[in-house]
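Here the structure is laid out as structure tokens; the discussion comes afterwards.
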Amino acid sequence: MSEQQCPCGQQASYEKCCQPLHQGVHHAADAQQLMRSRYCAFVKQEVDYIIKTTALKQQTLLDRDALMQWSQQTEWLYLDIIDFQPQLDKTHASVEFKVFYQSGANQASHHEQSYFVKHKNKWYFIDPTVEQVLTLKQPCLCGGAKKFKHCCALYL
Ligand SMILES: [Zn+2]
Ligand SMILES: [Zn+2]
């Protein structure tokens with residue numbers, strides 16, 4: 001990796017790529033950029049950014065210490081975006097990706113499809129591992145006006 005390349009894989013320096021997002025100067029323009037910047041936040045141990053970019057009503061359910069530990073203990077190698085669906089419906093998108101990391105002497109990877117929701121013009125990650133306290137009839141976890149069952153529940 002050259003010095004000019006951001007850990008997220010884009011051909012721009014961290015200072016011009018993900019750092020302004022981590023510092024709240026800009027917001028991710030789409031779900032793919034959010035995915036890249038969240039991966040980069042793990043590399044840079046910007047755990048508050050990970051929390052801030054998770055669906056609004058899931059944020060308080062995240063374990064900050066566990067995220068920090070995971071971020072610090074993993075030797076991140078690179079991110080590979082496999083597929084990006086920018087508009088599953090008006091407010092949802094998906095990104096399929098592989099994350100590569102060092103595991104002992106070997107390279108290991110994690111393959112996942114993640115879902116994202118747009119709320120008030122900002123994108124958020126829908127975390128499928130957070131235990132939902134919502135019933136299907138309650139307002140959605142993303143903060144939107146729709147009921148959970150008609151909104152983000154479709155993508156969990
Ligand atoms: Zn970047
Ligand atoms: Zn929702």
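The values are calculated or read from the model by the stated rules, or taken from the named source; none is laboratory data. All values reported here derive from a predicted model rather than from experimental measurement. Neighbour counts run over all protein chains shown; Cβ positions are idealised from the backbone, glycine included. Just so you know, the surface numbers come from the protein's heavy atoms only, side chains and all, with ligands and any DNA or RNA stripped out. Shrake-Rupley method; radii C 1.70, N 1.55, O 1.52, S 1.80 Å.
Taken over the stretch 67-76, the residue count meeting the criterion of being assigned to a strand (DSSP E or B) and open to solvent by 50 Å² or more (accessible area, probe 1.4 Å) is 1. Taking the criterion of being part of a loop (DSSP other than H, G, I, E, B), of a type in the set (A, V, I, L, M) and in contact with a helix residue (DSSP H, G or I) (Cβ under 8 Å, 6 or more places away or on another chain), the residues of the stretch 116-156 that qualify are V130, V133, L134, L136, L141. The set of residues from the stretch 136-156 being over 19 Å from K120 (Cβ atoms) and within 17 Å of the chain's Cα centre (by Cα) comprises just one member, L156.
Could you check, for the stretch 58-72, whether at least one of its residues is free of Cβ contacts under 8 Å to residues at least 12 places away in the same chain and in contact with a helix residue (DSSP H, G or I) (Cβ under 6 Å, 6 or more places away or on another chain)? The answer is yes, given that some residue of the stretch 58-72 is free of Cβ contacts under 8 Å to residues at least 12 places away in the same chain and in contact with a helix residue (DSSP H, G or I) (Cβ under 6 Å, 6 or more places away or on another chain). The residues in the stretch 4-44 that are in contact with a strand residue (DSSP E or B) (Cβ under 9 Å, 6 or more places away or on another chain) and on the phi < 0 side of the Ramachandran plot can be counted, and the count is 17.
For F100, state whether it is within 19 Å of T53 (Cα to Cα) and either aromatic (F, W, Y) or open to solvent by 50 Å² or more (accessible area, probe 1.4 Å) (or both).
No: the conditions fail for F100.
Restricted to the stretch 3-66, the set of helices (runs of 4 or more DSSP H) holding at least 2 residues that are open to solvent by 20 Å² or more (accessible area, probe 1.4 Å), touching a Leu at 6+ places or on another chain (Cβ under 9 Å) and modelled with pLDDT of 95 or more comprises 31-43.
Taken together, the residues in the stretch 90-116 that are touching a Leu at 6+ places or on another chain (Cβ under 9 Å), within 16 Å of ligand 2 (Cβ to nearest atom) and free of Cβ contacts under 8 Å to residues at least 60 places away in the same chain amount to 1. For the stretch 14-30, the condition holds for at least one residue, the condition being that it is more than 9 Å from ligand 1 (Cβ to nearest atom), charged (D, E, K, R) and in contact (Cβ under 8 Å) with a residue 12 or more places away in the chain.
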